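Below you'll find the structure, written out as structure tokens, and then a few comments.
The values are calculated or read from the model by the stated rules, or taken from the named source; none is laboratory data. Quick caveat: nothing in here was measured; it's all calculated off a predicted structure. As a convention, Cβ positions derive from the backbone with ideal geometry for all residues, glycine included, and neighbour counts pool all protein chains shown. Protein only, heavy atoms only, side chains kept; ligands, DNA and RNA dropped before computing areas. Shrake-Rupley method; radii C 1.70, N 1.55, O 1.52, S 1.80 Å.
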Amino acid sequence: MKYKPVKVFIVLLITLATHWLAVTYLPQDFDEPVYTEAAMDYARALEQGNFNAVIDYPNNREHPALVKLTFGIAAYFNGSAHNYSETLQTGRVVSAIFGILGTFILALIDPFAGGLMAIHGLVVKYTSQAYLEAIPLAFMILSVFAFLKTDKGKLNGWFWISAFALGAVTAGKFAYTPVLVVVIAYLAF
């Protein structure tokens, strides 16, 4: 991977602009209330010190908790746990940060690919709204980026970063776990 700082910087500017526009102007989407309500519940549980409620959250069990909990932690820290519209905006900002981060990491691998991701409408949309996509996507790209830097067969720091990122992918959304196939195939061959 040969870094091209000017191209990566241009991609970063583009993805900052597209994510800002999406966070600011997109209307509320279909599933955002589900994840925003879960974030508010997590934030309130943290506020009350009720860690059992965080660990044993009964609603919306069809997806792992990492993203919703991240939204809830952000809402707890910015004090929006009791305000739906502020919690929604907090979730969108968190998503956008991870969407930007994922695009930036991809641009480090290949600036052209990062540039395409920075302007891809569906990627920008789903990584700028309070959805489950941005965090696992960013960690999936990080896992591949770190894995590309490992020495095959050696357990160096990049290997462990990749392993941590794969764990975060799985804790975010199961649909992103097929990246494991790529990693395992690389190890096998």
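For the chain, with a Gaussian network of springs between Cα atoms less than 10 Å apart, report the residue from 135, 55, 73 with the top mean-square fluctuation. Evaluated over the chain, the most mobile residue of the options is 55. Note down, for region 50-111, the three equivalent ellipsoid semi-axes (square root of 5 times each alpha carbon gyration tensor eigenvalue), biggest first, whole angstrom. Rounded to whole Å, the semi-axes are 26, 16, 9. Kirkwood analysis of the Cα pair distances in region 147-189 returns a hydrodynamic radius of 10.8 Å. Counted over region 1-77 with a bin width of 10 Å, the fraction of Cα pairs per bin, in whole percents, is 17, 33, 23, 20, 7. Dividing the Cα radius of gyration of region 84-133 by 2.2 N^0.38 Å, with N the residue count, gives 1.19. Per residue, the convex hull spanned by the Cα atoms of region 115-189 measures out at 94 cubic angstrom.
Convex hull volume per residue, computed on the Cα atoms of the chain, equals 127 Å³.
Please find the FRET efficiency linking residue 59 to residue 86, where r is the Cβ-Cβ separation and R0 is fixed at 25 Å, and quote it to the nearest 0.05.
Rounded to the nearest 0.05, the efficiency is 0.80.
Of all accessible surface on the chain at a 1.4 Å probe, what whole percent is carbon and sulfur?
Of all accessible area on the chain, carbon and sulfur atoms account for 70 percent.
Tell me which lysines have Cα within less than 19 Å of residue 173's Cα, excluding those fewer than 8 residues away on the same chain? Residue 173 reaches 68, 125. Comparing mean-square fluctuations of 72, 114, 157 from a GNM of the chain with C-alpha springs under 10 Å, the top value falls on 157.
Considering only 102, 91, 79, the Gaussian network model of the chain with Cα springs below 10 Å gives its largest mean-square fluctuation to 79. Of all aspartates and glutamates in the structure, the ones whose alpha carbon falls short of 15 Å from that of residue 4, not counting any fewer than 8 places away in one chain, are 110.
In this structure the chain gives 52 Å² per residue of accessible area when probed at 1.4 Å with all protein chains present.
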